[in-house]
Structures are given as C-alpha cells and as structure tokens.
1. Of the residues in region 175-190, how many are in contact with a helix residue (DSSP H, G or I) (Cβ under 6 Å, 6 or more places away or on another chain) and open to solvent by 50 Å² or more (accessible area, probe 1.4 Å)?
2. Among the candidates VAL166, VAL181, single out the residue that is hydrophobic (A, V, I, L, M, F, W, C), closer than 27 Å to ALA141 by Cα and part of a strand (DSSP E or B).
3. Are any of the residues in region 226-242 within 25 Å of ASP156 (Cα to Cα), open to solvent by 20 Å² or more (accessible area, probe 1.4 Å) and aromatic (Phe, Trp, Tyr)?
4. Criterion first (under 15 Å from GLY39 (Cβ atoms), of a type in the set (A, V, I, L, M, F, W, C) and within 45 Å of the chain's Cα centre (by Cα)) does PHE68 satisfy it?
5. Which residue pairs have Cβ atoms under 6 Å apart, sit 6 or more places apart or on different chains, and have a first residue in region 129-140 that is closer than 22 Å to THR16 by Cβ and a second that is assigned to a helix (DSSP H, G or I)?
6. Would you say GLY114 is under 22 Å from GLU36 (Cβ atoms), more than 31 Å from the chain's Cα centre (by Cα), part of a helix (DSSP H, G or I) and touching a residue at least 24 places away in the same chain (Cβ under 8 Å)?
7. What is the number of the single condition among (1) open to solvent by less than 70 Å² (accessible area, probe 1.4 Å); (2) under 16 Å from VAL206 (Cβ atoms); (3) in contact (Cβ under 8 Å) with a residue 24 or more places away in the chain that SER170 does not meet?
Amino acid sequence: MPTRTPVTRSFEWLLTLGVFLIFGQVGIFIALLQEEPPGWMFLLVLWGSSGLIALGWSYAINRRGWWFLLLAPLILVPTFGFPRLFPLLFEMSWMQAGVDWPPVARGVFAVVTGIVSVSLGFTCVIIYVSRAERAAAESRAELDVAARMHDSLVPDIDHRSSGVEVRARSTPSSDMGGDLVDLLHRGGRVDALLADVSGHGVGAGVVMAMLKAAMRTRLHTDRGSGRDLGALVNDLNRVVYELTEPGMFVTGVWVRVEPGGVWRLTLAG
C-alpha cells in the first residue's frame, strides 16, 4: 500500500480492500492443503486471518511512525500463536459449521471462495489504479497551468536603459514558486523588485502574483510622482497582511534608479 497522498487518499479504501481480498486467498490455500477441507466457518476464519496479516505487513512496511511496531506481532503471532489458537477455536461448537458437508462440497466451497476473493481483490486494485492515474493526470494538468502562469508572471528580464542594465531569471524548485523578479520602466525611472514569499508551491505563487499586481498598480497610480519607496513598501505590507494567512510573509529588496543617476534602495520583510 503506497504512502497516502492527497490524490489517492479519498479512495484508498479500495486498495486496502484489494490487499485483504487477494491475500486472504493464502488462508484458503492452507485449508486446501489439509487432508480434508475444514467447514465453511473455519475456512472463513483462515481467510480473514490471512487478509488481516497481509494488511498489517502492508501498513508496517509502507507507512512511517508507530506502524513499524506491527512487525514483531506480525512475525510472532502467526508463528507461535496460530498453532495454539486454531485448535482451541476448532473445538468450539460454532466453528463446526459446515463440517458435516461432504469433503467434495467443502473443497468446492473453498475453491469458489478463493476465486471470488482473488477476482474481487484484483478488481478493487484495478479500479484504485485507474482512479489514481486519472486524479494524477488532472493534478498534473493543473500544475502545468500553474507552471505556465509562473512563466508569464515572472518572465526573464533583460533590460538596458539610461546606463542601467538589469538581468534576472526565476527558476522555481516546483511547478510554481514564490520568487518574484520584476521591473518597470517609466519616464526614465527604473523600478526593480526582488522578493521571496515564504513557502513553496501554488500557495506561495498566488501571493507572489498578488504582490506583483499590487506593486504595479501602486506604481501606475503614482504616475511618476516619485513617491517615497518606504511609503510604497508600507502599502504592499498592508496588502500582504490583510490577504494572507498568519505565518506567511514576504522578504524583498526594491531598487529605484531616478533620472540623473540617483539610486534609492529599500529592504523589507
């Protein structure tokens, strides 16, 4: 059983049921190796025990944390517990159900039960794989859209004007990231912004896009008035504070080159 992901968690029960049904067949195989097949009740106990053991191994191996504590009982119980437990169970009256059937009938019941169990198990696994692949494809398509959005929001910059040369490129570690490089050239004035949103992925990318929109809106609103960079950063801070979750923040540096070669620099977080 693979480690859970948001893609597969909603229908992971199909895989769990599939593992149980497929490996429950081991108990039926053990029953068929006996001189005479047991009654249907004892056969179902063997079937259920084998399925539960398979689920235990699956969880212990493929999951982290406390699930590894299952390894010891998964080895000790079948090895030392079952040989003593099953004879005691077989003496109980309710476990004798089906013992009065002819051996041939008990064998046929065991074979049919095994075939049905394996068939249903493989069906569950196939459905799970099909749904997981479809969900993964949809998720991949969404991430591709996010990657294209990032490329359009943070294009490469190669700017030369008024003695200023700016080159920048953002390469996110995932399909979409929170790094922002932006430049705006108006009336001989150059504004360059380098910012980093905390976190990774689509969430950070959304905040990055919001930050870029807010910055450009403010710059266009100023209409070249040369407003102090500190006041502009304060405006951006209010936008980020009001529209993001607690714990999310942005660090950045803003460089402004005025006509005549005057440079202004602001650091913010």
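The values are calculated or read from the model by the stated rules, or taken from the named source; none is laboratory data. In this text the structure is predicted, and so the values were computed from the model without any measurement. Using ideal geometry, Cβ is built from the backbone for each residue, glycine included, and neighbour counts are taken over all protein chains shown. Just the protein is used for accessible areas: all its heavy atoms, side chains included, with ligands, DNA and RNA removed. Shrake-Rupley method; radii C 1.70, N 1.55, O 1.52, S 1.80 Å.
1. Qualifying residue count for the region: 0.
2. VAL181
3. Checked region 226-242: no residue is within 25 Å of ASP156 (Cα to Cα), open to solvent by 20 Å² or more (accessible area, probe 1.4 Å) and aromatic (Phe, Trp, Tyr).
4. Working: under 15 Å from GLY39 (Cβ atoms): no; of a type in the set (A, V, I, L, M, F, W, C): yes; within 45 Å of the chain's Cα centre (by Cα): yes.
No, not satisfied.
5. Short answer, once both residue conditions are applied: ARG131/PHE11.
6. On the way: under 22 Å from GLU36 (Cβ atoms): yes; more than 31 Å from the chain's Cα centre (by Cα): yes; part of a helix (DSSP H, G or I): yes; touching a residue at least 24 places away in the same chain (Cβ under 8 Å): yes.
Here the answer is yes, as GLY114 does meet what is asked.
7. (3)
Residue by residue, here is whether (1) at pLDDT 80 or above; (2) β-branched (Val, Ile, Thr); (3) surrounded by 18 or more Cβ atoms within 10 Å (Cβ to Cβ) holds:
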site	(1), (2), (3)
THR3	no, yes, no
PHE20	yes, no, yes
GLU35	no, no, no
PHE42	yes, no, yes
SER50	yes, no, yes
